[in-house]
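Worksheet: the structure to be examined is printed underneath.
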Amino acid sequence: MNELDPARLRQLQLVGTLSGFAAGAWLGAAEAPTKLVTLGVSPVVISFMMVLGVFLARWSLPALVRGTAALKDDVRQAPHLLVWAALGGCLWAVANTLTIFAIKDIGLAVAFPLWNSNSLLGILWGTLLFNELRDAGRGRWIAVLGGALVMFAGATVLAVTSSAHAPGGNALRGVVAALTAGAMWGTMYIPYRKAYLTGMHPLSFIAFFTIGELVMMTVLALAFLGGPGELWHELAASREILFWLLVAGFVWVVGDLFQQYAAKYVGISRGIPLSNTNQLWGLLWGMLVFGELAGGGRGAVIAGSLLMAAGAGAIALASAPGREYRRWQEAGARESARYGVDAGEDAAAARPRHTPLDWLLLLVATAVFVGSAALARVPALHIGWGWAAALTLAIFGFLVAGGVALWRTTRFG
């Protein structure tokens, strides 16, 4: 078992932490277009188009950065991870659909922190299954458990507040939908961690992950709407806003890429709470851009969100020492022995090898986005454009900072 140089370990943990914060910024922005549900657009249509945007982005971005030939190499190394990736994608599709219903009933600002209860499951699965927090020391255990309790307190404040300020009139249904989505997303991170312990590249994993997403979402859409004809009718009726939903899927992929690197380099017990700073971004988008909670309840929501953010911060700052990292390596060796594959850190990204298939994937994705943009119209929502521009500028700042850090430290490995 190879010992990782302490300086290298600190570098990876720093870049993993920055990736977690960048993930929070982009994942928070990705949920903004789901406010279209308030215009009467079916939640299933919204989720279906977001998943389609995710699918296009998740195959075109790896094709651009590494080439599909690199995907084949990863599949040959760990073919069993295709099944885990597809399973994770199925869980994501169901959870994402539940979040749309939650936003409809209790609003974006309140729903966001509730489904981010997935942090608690992330800590549980990371500890039980992947040796995270083993030999971490009493101080780090206190920080993680104390942070989890603070996050639970913040979620409780938000749930109570939602009962008095739910825009859709069915607060209980919205709270249940949000919490169920959190449970499914928390479990979804198990395949993430299994993949990276056995050496699969994040760009390869998400490409196959999205197959499960699209298949599951298509099944849900056909079941909810009553068949292909009804689905096509709903899409045609909503053609003027489909572009914004595709963009939401693309933005979500950028956030999820950062989240993948956070899970890889700081573990899911720390990476999920870090990326769950998206709750504060969701709060900002909901309150500043869409004017949510203008009639009251802002103080309680802000207090609850800050409590949850404080808990996430305590967890994130409990960085893994070298002895805990050795436990991670033990978990990786166990996974490798179970599936008969070679594990190890990919020290640097392979040289990109582009084929005609790569350019075809990029061409198809671009054509779909351009075609939908030609039909798009600005939705009839009350939008604070100044705040929207400021938040957009901020998330691009995280993109640049996180991207540069990943390239310098890992070459996107």
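The values are calculated or read from the model by the stated rules, or taken from the named source; none is laboratory data. What you see is a predicted model; the values in this text were computed from it and never measured. As a convention, Cβ positions derive from the backbone with ideal geometry for all residues, glycine included, and neighbour counts pool all protein chains shown. SASA here: full protein model, heavy atoms, side chains in, ligands and nucleic acids out. Shrake-Rupley method; radii C 1.70, N 1.55, O 1.52, S 1.80 Å.
Of the listed requirements (1) part of a helix (DSSP H, G or I); (2) open to solvent by 10 Å² or more (accessible area, probe 1.4 Å), residue 85 misses just one: (2).
Being open to solvent by 30 Å² or more (accessible area, probe 1.4 Å), modelled with pLDDT under 80 and touching a Leu at 6+ places or on another chain (Cβ under 8 Å) holds for only one residue in 115, 141, and it is 141.
If the condition is being within 26 Å of residue 362 (Cβ to Cβ), open to solvent by 20 Å² or more (accessible area, probe 1.4 Å) and of a type in the set (Val, Ile, Thr), then segment 37-67 contributes only 65. Does segment 366-386 contain any residue that is farther than 17 Å from residue 240 by Cα, open to solvent by less than 30 Å² (accessible area, probe 1.4 Å) and either touching a Cys at 6+ places or on another chain (Cβ under 7 Å) or in a helix (DSSP H, G or I) (or both)? Checking segment 366-386: not a single residue is farther than 17 Å from residue 240 by Cα, open to solvent by less than 30 Å² (accessible area, probe 1.4 Å) and either touching a Cys at 6+ places or on another chain (Cβ under 7 Å) or in a helix (DSSP H, G or I) (or both).
Determine whether segment 55-67 contains at least one residue that is touching a residue at least 24 places away in the same chain (Cβ under 8 Å), among the polar types (S, T, N, Q), part of a helix (DSSP H, G or I) and closer than 25 Å to residue 224 by Cα. Within segment 55-67, not a single residue is touching a residue at least 24 places away in the same chain (Cβ under 8 Å), among the polar types (S, T, N, Q), part of a helix (DSSP H, G or I) and closer than 25 Å to residue 224 by Cα. Filtered by the rule that a residue be open to solvent by less than 30 Å² (accessible area, probe 1.4 Å) and part of a helix (DSSP H, G or I), segment 68-82 gives 68, 69, 70, 71, 74, 81. Only residues that are at pLDDT 85 or above and more than 21 Å from residue 94 (Cβ to Cβ): list them for segment 29-51, please. Selection gives 29 alone.
Suppose the filter is modelled with pLDDT under 80 and of a type in the set (Asp, Glu); does residue 240 pass it?
Details: modelled with pLDDT under 80: no; of a type in the set (Asp, Glu): yes.
So residue 240 does not fit the description; no.
Within segment 125-146, residues that are polar (S, T, N, Q) sit with their Cβ atoms under 9 Å from residues that are not in a helix (DSSP H, G or I), at 6+ positions apart or across chains, in these pairs: 127/133; 127/134. Among the residues of segment 7-36, the ones that are farther than 17 Å from residue 276 by Cα, buried (at least 22 other Cβ atoms within 10 Å of the Cβ) and of a type outside the set (Ser, Thr, Tyr) come to 3 in all.
Taken as a whole, segment 23-40 holds no residue that is outside any helix (DSSP H, G or I) and aliphatic (A, V, I, L, M).
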